[in-house]
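Novice: Here it is, the structure in full.
Read-outs: derived from the displayed coordinates by stated rules, not from any lab. Everything numeric in this text was worked out from a predicted model, so none of it was measured. Cβ: placed from backbone, ideal geometry, glycine included. Neighbour counts: every protein chain shown.
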Amino acid sequence: MPLHDTEAFVLRTFSLKEADKICVFFTREAGKVRGVAHGARKLRSRFGASLEPFTEVTLTYFAKENQELVSISACEILRSQFVAGISSERMGVMQYWAELVDSFLLDHEPNDAAYRLIAASLDALRQAETDNLMPLARYYEICRYFEIWMLKLAGFFPDWRTCGLCEKDLSGEQAVYLTNEGMPQCLNCSGQRGDELRPAVWRTIQEILTQSPAKFLSLTREPGLLNQVGNIATRLIARALEREPRSYEVLSRLRPAL
Ligand SMILES: [Zn+2]
């Protein structure tokens, strides 16, 4: 039984029998891993608070060949999201991100870029909340940022810099048109079919793909822009997952009224 030792984020947990929990982790070394934490539901569990959502931990587990569930032997907290209190908005956002990571990334497939995205986004969110930079709209914006990146890292987002047909650079275009598959096209190639994206919306997507989450959160933009980026993300996510995410209602709560 090989022993594994890796940094990981807790994504979610489910009760299993009276004393145990099933935990879903996103590990740096092995991607998504599901395991059993024996005794985790007991009052004085050795797992303590280490299994709260998006706690970053050092995870030690045993994996048996051909078994989906690994056996968790230790889980030490590296960083908790709950140290200095947490708002219900941040909880909602993290729950949504956990579902996206769980839905988009495959078991046992490492994805270091996704690991770094999660770490940087959690840091930016916590820091912005500490600095009081978080009107409701900002939670909504960072969710949209995370969605676009999740789509990209899972391979469901095309290269947006150039026209999908003639490969023309789109940055100088008056309008970009988006096919049902999410492929951007220049005016000529599109024949004006598909969804028209204003240059500002297209640029906002470019900003998401080139800025860190902290930088993205620090800039103020026209409120309607993120709603439009959001509509695109929603459509691409529903298409990729063939359903709407379950924790989607958090986004409707945070969506700014225009
Ligand atoms: Zn073209």
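Novice: With a/c under 1.5 counting as rounded, go ahead and sort the stretch 1-68 into rounded, prolate or oblate using the C-alpha gyration tensor (a ≥ b ≥ c being the square roots of the eigenvalues; past the cut-off, prolate if a/b is larger than b/c, else oblate). All intermediate terms of the calculation are to be shown ahead of the outcome.
Specialist: Numbers: a/c = 1.76, a/b = 1.28, b/c = 1.37.
Oblate shape, in that a/c is at least 1.5 and b/c is the bigger or equal ratio.
Novice: At most 11 other C-beta atoms within 10 Å and a DSSP loop state: those are the exposed trypsin sites (Lys or Arg not before Pro) I care about. Give me the longest piece of the chain that has none.
Specialist: On the way: sites that count: K17, R44, K64, R243.
Here the longest run is 65-242.
Novice: Rounded to whole Hz and in sequence order, give me ³J(HN,Hα) for the stretch 211-223 from the Karplus expression 6.51 cos²θ - 1.76 cosθ + 1.60, θ = phi - 60°, writing x for Gly and Pro.
Specialist: 9, 6, x, 5, 5, 4, 5, 7, 9, 9, 9, 4, x
Novice: Still on this model: Starting from the amide H of K168, placed 1.01 Å from N in the peptide plane, find each other amide H under 5 Å away whose residue is 5 or more places distant or on another chain.
Specialist: The list, which skips near neighbours in sequence, is C163.
Novice: Provide the descending list of Cα extents for the stretch 42-103 along its principal axes, expressed in whole angstroms.
Specialist: 40, 31, 21
Novice: By what distance, in whole Å, do the Cα atoms of the chain stretch along each of the three principal axes, largest value first?
Specialist: Sorted largest first, the three principal extents are 63, 43, 26 Å.
Novice: For L69, what residues show an amide H to amide H distance below 5 Å, using hydrogens built from the backbone and excluding near sequence neighbours?
Specialist: none
Novice: Decide, for the stretch 167-258, between rounded, prolate and oblate: order the square roots of the alpha carbon gyration tensor eigenvalues as a ≥ b ≥ c, take rounded if a/c falls under 1.5, and otherwise choose prolate if a/b is larger than b/c, else oblate. Spell out each step's value before the answer.
Specialist: Working: a/c = 1.96, a/b = 1.27, b/c = 1.54.
Note, shape of the stretch 167-258 comes out oblate.
Novice: Still on this structure: Can you compute the label reach from D159? Point 7 Å from Cα along the Cβ direction, backbone N cut-off under 11 Å, restricted to the stretch 169-204.
Specialist: What the label zone holds, given the 11 Å backbone N cut-off, is 169.
Novice: Hey, in the GNM for the chain with a 10 angstrom Cα cutoff, which one of V33, V83, V24 fluctuates hardest?
Specialist: Sorting by GNM fluctuation, first place goes to V83.
Novice: Once phi is turned into ³J(HN,Hα) by the Karplus curve 6.51 cos²θ - 1.76 cosθ + 1.60 with θ = phi - 60°, what whole-Hz value does each residue of the stretch 101-117 show in order, with x for glycine and proline?
Specialist: Each residue of the stretch 101-117 in turn: 4, 5, 7, 8, 9, 8, 4, 6, 10, x, 8, 5, 5, 5, 4, 5, 4 Hz.
Novice: Next question, about the same structure. Based solely on its DSSP helices, what 222 nm [θ] is calculated for the chain when runs of n ≥ 4 H residues each add -39,500 (n - 2.57) and the sum is averaged over all residues, nearest 500 deg cm²/dmol?
Specialist: Details: 8 runs with 101 residues, N = 258.
Dividing the helical sum by the residues of the chain leaves -12500 deg cm²/dmol.
Novice: With the Cα gyration tensor of the stretch 130-181 giving a ≥ b ≥ c as the square roots of its eigenvalues, does the rule (a/c under 1.5 for rounded; else a/b larger than b/c for prolate; else oblate) give rounded, prolate or oblate? Kindly include the intermediate steps, with their values, before the conclusion.
Specialist: Working: a/c = 3.12, a/b = 2.01, b/c = 1.55.
Cα axes put the stretch 130-181 in the prolate bin.
Novice: Would you mind finding the longest exposed-site-free stretch of the chain, with exposed GluC sites (Glu not before Pro) meaning DSSP loop and at most 15 other Cβ atoms within 10 Å?
Specialist: Numbers: sites that count: E18, E29, E65, E68, E167, E181, E242.
Value returned for the longest uninterrupted segment is 69-166.
Novice: Give the residues of the stretch 221-237 whose amide nitrogen is closer than 18 Å to a point set 7 Å from the Cα of S171 in the direction of its Cβ.
Specialist: Hits in the stretch 221-237 for S171 at 18 Å: none.
Novice: Moving on. Which ³J(HN,Hα) values, rounded to whole Hz and listed in residue order, are derived for the stretch 79-93 from phi using the Karplus coefficients 6.51, -1.76 and 1.60 in 6.51 cos²θ - 1.76 cosθ + 1.60 with θ = phi - 60°, glycine and proline given as x?
Specialist: Values, residue by residue: 8, 9, 7, 10, 4, 9, x, 8, 7, 5, 5, 5, 4, x, 4 Hz.
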